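Encoded as C-alpha cells, the structure appears first; notes follow it.
The values are calculated or read from the model by the stated rules, or taken from the named source; none is laboratory data. For clarity, every value in this text was computed on a predicted model and none was experimentally measured. Reconstructed Cβ throughout: ideal geometry from the backbone, glycine too, with neighbour counts over all protein chains shown.
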Amino acid sequence: MKTIGIVAGAAFRESVRDRVPYTMVVFAVLMIAASFLISQLTAGQDLKIIKDLGLAALSVFGLLIAVFIGIGLVSKEVERKSVYGLLTKPVTRTQFILGKYLGLVTTLAVNLSVMTVAYYVVLAYMEATATETMRAGWAAPALDPRQLAAVVLIMGELALVTAVALFFSTFSSPLLSALLTLGLWVAGHFNADLRQFEQVVDQPMVAWIARGLYYLLPNLAPFNVRAEVVYGVPVSASHVGLTLLYAGVYIAALLAAAIAIFRRRDFK
Amino acid sequence: MTPAIETEGLTKDFPIGFWRPRPYRALDHLTLRVEAGEVFGFLGPNGAGKSTALKLLMQLLYPTSGSAQILGRPVGDASIRQRIGFLAENPYYYDYLTAEELLTYFARLFGYGGTELTRRVARVLDDVGIGSERRLRLRRFSKGMIQRVGLAQALLNDPDVVFLDEPMSGLDPLGRRHVRDLILGLRARGCTVFFSSHILSDAETLCSRVGVLVQGRLVASGPLSAVLTLELKGWELVVARVSDLLQPDLAKLARQVTPLSDGHVLLHLAPDAEPDRLLAELTARGAHIVSLNPVRETLEDYFVQVVGSAEARETRGVGA
C-alpha cells in the first residue's frame with residue numbers, strides 16, 4: 001500500500017507540474033464567471049443559467065482533464081521508456097497501475113474542488129446582491145448545499161472515466177485511447193436508449209447485441225443530476241450511494257482488466 | 001556458490017507483421033553463468049540482442065522459452081529488485097522532476113526515509129559527478145548528464161548486481177573515465193556488474209570475462225584475450241629526427257611511410273618486421289623513437305568476421 005501511495009504521489013506531482021490541467025481549470029473558472037454575465041441578459045432566469053452553465057463547466061472540463069491526463073499517464077511512461085526505471089525498482093506492475101490511478105483521481109479531486117469553490121463564489125455573489133423579489137422567483141436557494149450531490153456524482157463519473165482512459169492506455173496509443181474513452185463517455189450517457197432499442201428492432205440478434213452492450217457499457221446517465229439540483233428537486237442519498245457503488249464496482253473491474261493486460265505486456 | 005546471474009536456454013521471439021505475424025528470434029537459447037563479484041562484458045554489434053537479454057533479465061520482457069535467475073532466484077521474484085540496479089540504454093526519466101527529486105522518489109520505493117534517504121541521494125549524486133545541477137529539472141539536462149543520473153539511480157540501493165546497458169553511451173571522454181572508475185569501484189567492493197557494450201576498450205579495461213552475442217546467439221564467452229584471437233596485423237612506429245640520408249631507406253624497411261607534423265614520420269610495419277632489430281638500427285643512425293604500437297584485430301573486425309560467417313552459414317542453410 002505504501003508503494004502505491006509513493007507512485008500516486010509522483011503521478012499527482014506530474015499532473016501538478018503539467019500546465020494542461022491548470023489551463024482547463026482556468027477556462028472552467030472563466031466560464032463559471034462568464035455565466036454570471038450571461039445571466040444578466042436574461043431577466044428572471046439568472047440563477048438557473050449560472051447553475052446550469054457552472055455545473056456543466058465542472059463536468060466538461062473535469063472530463064477533459066480526466067481523459068487527457070488519464071490516457072497519458074501510462075502510455076507516456078511506456079513510449080518514453082521511463083517505465084524501465086520504475087519497474088526495475090521494488091514496484092510490481094499492479095502497484096504501478098493502482099498508484100497511477102490514485103494519483104490521477106487525487107488530481108481530479110483537487111481540480112474539481114477548485115472549480116467548485118469558484119462556482120460557489122459566483123453563487124455567493126448572487127445571493128448577496130439579489131433582491132427579495134428575485135429570490136422569490138428562484139426554484140432553490142443560490143447556495144443550496146444539495147448541489148454538492150451533483151458535484152460528488154460528477155467526481156464519481158470522472159473517476160470512472162479515468163479508469164476507462166487508463167484501461168485503454170494500457171494497450172493502445174494515446175490518440176486511440178482518447179477517442180475510445182470519449183466514445184465510451186458519449187455511449188455511456190445514451191446507454192438507457194440501448195434498452196429501448198430492442199423494442200423497436202425485429203431481428204433478435206440485433207436486440208441481443210443491444211442488450212449485451214447495455215450491460216457492458218458504463219451507464220453514466222445516473223451520474224447526471226444537474227437538472228434536479230438546479231430546479232431544487234431532491235436527490236436521494238440512496239441514489240447517490242448506489243450510483244457511487246456502481247462506479248466503484250465498474251472501476252474495480254476496469255482496473256482489474258488494465259492490470260491483467262499490463263502484467264502480460266512486453267516493453268520492447 | 002550461487003551464481004549472480006544464470007540463464008538457461010533463454011529465448012525471445014517477437015512477432016513481425018500485422019495480419020500474419022511471423023516470429024523474429026531476437027535471442028536464441030542464451031545459456032550463461034556470471035559468478036558473484038565478476039565484471040561481465042556483454043559484447044556484440046547493434047541489433048545482436050544485448051538489450052533484449054537485459055530486458056528479459058529485468059522482466060521488462062517475458063521469454064518465449066528458457067529461464068533466468070538472479071542471485072539464485074527466478075527473475076520474476078519481486079524481492080530481487082531490492083538488491084539489483086539497472087541502467088537502460090538511452091534512459092529517459094521524468095523531465096518535470098529535478099535529479100534530486102527523481103532519486104528521492106526512487107529511494108522511497110526502496111524503503112529509505114529520513115536522514116538515510118537524504119544521505120544516500122546526496123552520496124550517489126556526488127559519486128556520478130552531479131553537483132549543483134541536482135536541483136535543475138531533468139528537461140534541462142544534456143544526454144550525458146541524463147546518463148549520469150541513470151547511473152546514480154542504478155547505484156542508489158548499494159546493489160549486489162548492477163545491469164548497465166551501454167553505460168558509456170553519450171558520455172564525453174571525462175564522463176567515460178568517470179564511469180570506468182565507478183565500475184572499477186563497484187568491482188572492488190564485490191558488486192557483480194553485467195554491462196553491455198560494443199566498445200572493446202571498455203571491455204578490456206573493466207571485464208574479467210566477456211560474452212559475445214551475434215544475431216541473438218552467444219558465439220563466444222570467457223576472458224577477452226581467449227575470446228578474441230587478437231591477431232597481430234602489423235606495427236605502427238613513429239620516429240623523429242630522420243636524417244636525409246636515412247629517408248630513402250625507410251621505404252625499404254616499412255610497408256608504408258606517412259610524414260607527420262614536426263618532422264615526425266609514421267612507419268607501417270609488417271607483423272614479422274622484428275621491431276627490436278629495427279629500433280636498434282634506427283637509433284644507431286641517429287633517429288629518435290617516439291612510439292611503437294602493435295596493430296591488432298579490433299572488436300569491430302571481429303564482429304564483421306563473425307557476422308559475415310554467420311550470414312554465410314545462413315545462406316548455405318537456406319540454399320541446401
Number of the exception - B:F14 against (1) assigned to a strand (DSSP E or B); (2) within 14 Å of another protein chain (Cβ to nearest Cβ); (3) closer than 26 Å to B:L186 by Cα: (3)
List the residue pairs whose Cβ atoms are under 6 Å apart, where the first residue sits in region B:266-293 and is closer than 12 Å to B:A240 by Cβ and not assigned by TED's automatic domain parsing to the domain that holds B:V239, the second is among the polar types (S, T, N, Q) and part of a strand (DSSP E or B), and the two are 6 or more positions apart or on different chains. none
Scanning region B:45-95 residue by residue, those more than 9 Å from every other protein chain (Cβ to nearest Cβ), part of a helix (DSSP H, G or I) and charged (D, E, K, R) turn out to be B:K50, B:R83
When B:T118 is run through (1) in a loop (DSSP other than H, G, I, E, B); (2) over 28 Å from B:F42 (Cα atoms); (3) β-branched (V, I, T), the failure sits at (1)
Of the residues in region A:126-147, those that are of a type in the set (A, V, I, L, M, F, W, C) and loosely packed, with under 15 Cβ neighbours inside 10 Å come to A:A128, A:A136, A:A139, A:L143
Can you confirm whether region A:135-149 contains a residue that is over 14 Å from A:V230 (Cβ atoms) and either more than 21 Å from the chain's Cα centre (by Cα) or assigned to a helix (DSSP H, G or I) (or both)? yes
Please find, among A:L87, A:L108, the residue that is modelled with pLDDT of 85 or more and over 27 Å from A:Y22 (Cβ atoms). A:L87
Boolean, B:D172 is over 20 Å from B:V210 (Cα atoms) and assigned by TED's automatic domain parsing to the domain that holds B:E101: yes
Would you please list the contacts, defined by Cβ atoms under 8 Å and residues six or more apart or on different chains, that run from a residue in region B:10-36 that is at pLDDT below 90 to a residue that is in a loop (DSSP other than H, G, I, E, B)? B:P15/B:P21; B:P23/B:T64
Report whether or not A:K2 is at positive phi, modelled with pLDDT of 85 or more and within 14 Å of chain B (Cβ to nearest Cβ). no
Among helices (runs of 4 or more DSSP H) entirely within region A:185-268, at least 3 residues that are within 14 Å of chain B (Cβ to nearest Cβ) occur in A:237-264
Before we move on, is B:R134 in a helix (DSSP H, G or I), on the phi < 0 side of the Ramachandran plot, within 27 Å of the chain's Cα centre (by Cα) and in contact (Cβ under 8 Å) with a residue 24 or more places away in the chain? yes
Does region B:53-60 contain at least one residue that is closer than 22 Å to B:I183 by Cα and out of contact with any strand residue (DSSP E or B) (no Cβ under 7 Å at 6 or more places or on another chain)? yes
Of all residues making up region B:182-203, the number that are crowded, with 17+ Cβ neighbours inside 10 Å and small (G, A, S): 3
Selection from region A:75-101 of residues assigned to a helix (DSSP H, G or I) and within 7 Å of chain B (Cβ to nearest Cβ) yields A:R80, A:S82, A:Y84, A:G85, A:L87
B:M145 passes all but one of the listed conditions (1) assigned to a helix (DSSP H, G or I); (2) on the phi > 0 side of the Ramachandran plot; the exception is number (2)
Restricting attention to region B:96-137, report how many residues are over 23 Å from B:G175 (Cα atoms) and within 14 Å of chain A (Cβ to nearest Cβ). 12
Does at least one position in region B:160-167 carry a residue that is part of a loop (DSSP other than H, G, I, E, B), more than 19 Å from B:V34 (Cβ to Cβ) and in contact with a helix residue (DSSP H, G or I) (Cβ under 6 Å, 6 or more places away or on another chain)? no
Residue check: is A:L64 more than 10 Å from chain B (Cβ to nearest Cβ) and surrounded by fewer than 21 Cβ atoms within 10 Å (Cβ to Cβ)? yes
Quick one: in region B:43-57, which of the residues that are within 18 Å of the chain's Cα centre (by Cα) and modelled with pLDDT of 90 or more is surrounded by the most Cβ atoms within 10 Å (Cβ to Cβ)? B:A53
